[in-house]
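Accompanying notes for the structure given below.
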Amino acid sequence: MAKIGEGSWQDALKFRDTVREALRGCDSLEAAAQCLVEELCRNFCESVVLARYFATVPYQGLPFDTQIIVDELARSKGYIAGIDANTPVLALLGTCGEKEEWNDRHQSEGHRGIPLLSAPFVESIPMIARLLKELEVDLDWLDDEENTGFAEKELGGGWIGVFYVREAKTALDQQGRPIISAQDFVAEHQIGTVFGLGGIYNDGTLFTLIVFTRDIIEKARITDHTPLVSLIRAGTAHLVHDGKIFA
C-alpha cells in the first residue's frame, strides 16, 4: 500500500495494526509521535513527502530550546508580551520526510513550536489558522481570559477533525493568501494534497497529524483513515496523563 489514496479497507486495517504495535512500549509522547510518522512514511512511501505530529503543550512545559524558538516567533510578530506560563503552544513532537533534516524535530526552526496567543496571531499564519478552523476550533476562545482548554471550551474527548487542502499550490484562504504559505517548498517538492487528522485527549490536549503528499487525494479517501485518531489517542493517552511528553 505505497500510495495513501489507494488500497482497500483491509489494507487500511493492516496499517492501523502496524501503528498500534509501533506505539506499544513508547515511553513518551514524543517517541510515540516519531514512531507514528515513520510508519506513515514507510507504508505510504510513494505518496508522503513529509509527515508531522503536533500537540498543544503549555509554554512552561516546553524544553528550554523550544521556548526560545517560540519566543522568537512571537517577537517577530510583535506578541512577545502575550506569552505566559500557560500559553498553549502547538509543539512539534514527531517529523519524518524525504530530506534528512526533516527527520529530527530539533532541526525545525519555524515550526518547532507555534504559540496560540490570540485569534489575530493565529490568523497571521494561514496554514495554522485553516488547520484549527477545519478542526472545528473556534479561534475566539484564545481571546477569552477565562478559557479552560480545548476539552471544556470547544471539543469532546471522542471528537475527530479533518483538515484538507486538495491542491497546495492553488488553495487560498478568505484573504486571498496561499493556505500553504511556503510555496517554494510546494513547488520544489511537487506537493499535491495536504491533510490533517486531529483529536483531543481527556485533559484538553489537542493533537494533529499533518501529511504533505505528492498526490492529489480526494477527501473521501482521507476520511477512510480517521480511525487512526482513536487509535493514536488510545495508544498514547497514558503518556499525556502521566506528563511524559518529551523524550
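The calculated FRET efficiency for the pair residue 187 and residue 72, based on their C-beta separation and a Förster distance of 41 Å, comes to about 0.95. Close amide H pairs (under 5 Å, H built 1.01 Å from N) link residue 215 with 192, 193, residues at least 5 positions away or on another chain. Between residue 16 and residue 172, the simple label model (points 7 Å from Cα in the Cβ direction) yields a spacing of 3.9 nm. Backbone phi angles across the stretch 60-67, fed through the Karplus curve with coefficients 6.51, -1.76 and 1.60 (θ = phi - 60°), yield HN-Hα couplings of 5, x, 7, x, 4, 5, 6, 4 Hz in residue order; Gly and Pro are listed as x. Magnitude of the charge dipole for the chain, about its Cα centre and with charges confined to Cβ atoms of Lys, Arg (+1) and Asp, Glu (-1), is about 580 debye.
Scanning residues 5 or more positions from residue 169 or on other chains, none has an amide H under 5 Å from its amide H, with H placed 1.01 Å from N in the peptide plane. Rolling a 1.4 angstrom probe over the chain with all protein chains present gives an accessible area of which 48% lies on carbon and sulfur atoms. Values [x] 49, 42, 33; [y] 53, 39, 38; [z] 104, 42, 31 are given for comparison; Cα extents along the principal axes in Å, derived from the coordinates here, is the one labelled [x]. Using the structure shown, list the pairs from 99/219; 169/244; 77/219; 14/169 with a Cα-Cα distance above 30 Å, or answer none. Beyond 30 Å: 169/244; 77/219; 14/169.
State the extension gain, in nm to one decimal, for the chain segment bounded by residue 241 and residue 219, taking 0.36 nm per residue of separation less the distance between their alpha-carbons. Before the final figure, lay out each step's value.
Values: separation 22, 0.36 × 22 = 7.92 nm, distance 3.24 nm.
Extra length from residue 241 to residue 219 when fully extended: 4.7 nm.
Approximating the spin labels as points 7 Å out from Cα along Cα→Cβ, the residue 84-to-residue 124 distance works out to 2.0 nm. Our coupling estimate for the stretch 235-242, obtained by passing each phi through the Karplus curve with A = 6.51, B = -1.76, C = 1.60 and θ = phi - 60°, is x, 10, 4, 5, 5, 5, 4, 8 Hz, Gly and Pro reported as x.
Between residue 164 and 196, the built amide H atoms are under 5 Å apart, and every one of these is 5 or more places off in sequence or on another chain. Taken one residue at a time, the phi angles of the stretch 111-120 give Karplus couplings (6.51, -1.76, 1.60, θ = phi - 60°) of 10, 5, x, 10, x, 8, 6, 6, 4, x Hz. Gly and Pro are set to x. If I build a Gaussian network model for the chain, linking alpha-carbon pairs within less than 10 angstrom, which residue out of 108, 76, 47 has the largest mean-square fluctuation? Residue with maximal mean-square fluctuation among 108, 76, 47: 76.
If you count only protein heavy atoms with a 1.4 Å probe, what accessible area per residue comes out for the chain, rounded to a whole Å²?
Working: 11190 Å² over 247 residues.
Ligands and nucleic acids excluded, the figure is 45 Å² per residue.
The values are calculated or read from the model by the stated rules, or taken from the named source; none is laboratory data. Owing to the predicted nature of the structure, the values given are computational and were not obtained by experimental measurement. Backbone-built Cβ (ideal geometry, glycine too); neighbour counts: all protein chains shown. Accessible surface areas use protein heavy atoms only, side chains included; no ligands, DNA or RNA. Shrake-Rupley method; radii C 1.70, N 1.55, O 1.52, S 1.80 Å.
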